[in-house]
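Colleague: Take a look at this one; I'll ask things after.
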Amino acid sequence: MYSNELICNILNYLNSNLNQKISIDDISKKFNFNKAYIMRLFKKEIGITITTYLNKRKIYNSLKEFKDKNNTFLKIALKNGFYNQEYFSETFKNIMEITPREYKKFLLRKNNCNKEKTKLILKKIIEIEEWNEKIAYYLKNKKPLILVKIKKIY
């Protein structure tokens with residue numbers, strides 16, 4: 001089964017504009033579809049809302065930023081499309097179930113974390129990696145152009 005072409009186009013648009021403020025109205029105008037239709041179709045195809053997708057993608061992208069000891073939480077937040085550190089921290093905690101500070105400590109001192117915290121962090125990293133792979137697979141499953149042309153001929 002092929003991925004929905006509209007949703008693939010929306011995903012590509014969102015991924016290319018993560019650092020911009022994107023509203024459902026913007027998406028609706030860009031793709032010339034009703035907002036309610038886009039939101040319903042996106043949730044059906046991807047399993048989460050557009051806002052949740054954007055936040056999850058931004059947090060996923062931010063994980064590698066923590067490895068640089070000189071990066072502050074504010075720098076990481078701004079670089080990944082969050083407009084303030086508080087919203088970044090709140091979103092990070094909602095998605096990763098730990099604070100950005102706990103994640104940074106984990107990266108810097110892996111051996112000093114308790115086993116339960118380490119298991120949770122590793123579990124969340126695996127979950128977000130698997131989610132990213134599912135999105136990549138969804139995007140790769142877009143209907144090939146040759147099939148679209150053949151259908152139009154007949």
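Colleague: If I go through the stretch 32-51 residue by residue, how many of them are loosely packed, with under 13 Cβ neighbours inside 10 Å and aromatic (Phe, Trp, Tyr)?
Modeller: Looking only at that region, the number is 1.
Colleague: Is it the case that residue 84 is within 21 Å of residue 46 (Cβ to Cβ) and touching a helix residue (DSSP H, G or I) at 6+ places or on another chain (Cβ under 8 Å)?
Modeller: no
Colleague: With respect to residue 89, is the statement that it is of a type in the set (Gly, Ala, Ser) and farther than 20 Å from residue 129 by Cβ true?
Modeller: Spelling it out, residue 89 is indeed of a type in the set (Gly, Ala, Ser) and farther than 20 Å from residue 129 by Cβ.
Colleague: Which residues, counting only those in the stretch 52-73, are more than 19 Å from residue 129 (Cα to Cα) and either buried (at least 16 other Cβ atoms within 10 Å of the Cβ) or free of Cβ contacts under 8 Å to residues at least 12 places away in the same chain (or both)?
Modeller: 68, 70, 71, 72, 73
Colleague: Can you name every residue in the stretch 118-154 that is of a type in the set (A, V, I, L, M), touching a helix residue (DSSP H, G or I) at 6+ places or on another chain (Cβ under 8 Å) and either at pLDDT below 90 or closer than 25 Å to residue 107 by Cβ (or both)?
Modeller: 121, 125, 128, 135
Colleague: Output the qualifying pairs, or none if there are none: Cβ atoms under 7 angstrom, residues six or more apart or on different chains, first residue in the stretch 81-93 and small (Gly, Ala, Ser), second residue part of a helix (DSSP H, G or I) and crowded, with 16+ Cβ neighbours inside 10 Å.
Modeller: Qualifying pairs under 7 Å: 81/58; 89/73; 89/100.
Colleague: Look at the stretch 102-117 and say how many of its residues are surrounded by 12 or more Cβ atoms within 10 Å (Cβ to Cβ) and either in contact with a Lys or Arg (Cβ under 6 Å, 6 or more places away or on another chain) or modelled with pLDDT of 85 or more (or both).
Modeller: Total satisfying the criteria: 6.
Colleague: Something else about it: Please verify whether the stretch 14-32 includes one or more residues that are touching a residue at least 60 places away in the same chain (Cβ under 8 Å) and within 28 Å of residue 126 (Cβ to Cβ).
Modeller: Scanning the stretch 14-32 turns up at least one residue that is touching a residue at least 60 places away in the same chain (Cβ under 8 Å) and within 28 Å of residue 126 (Cβ to Cβ).
The values are calculated or read from the model by the stated rules, or taken from the named source; none is laboratory data. Predicted model only: the values in this text are computed from it and were never measured. All Cβ positions, even for glycine, are placed from backbone atoms using ideal geometry, and neighbour counts span all protein chains on display.
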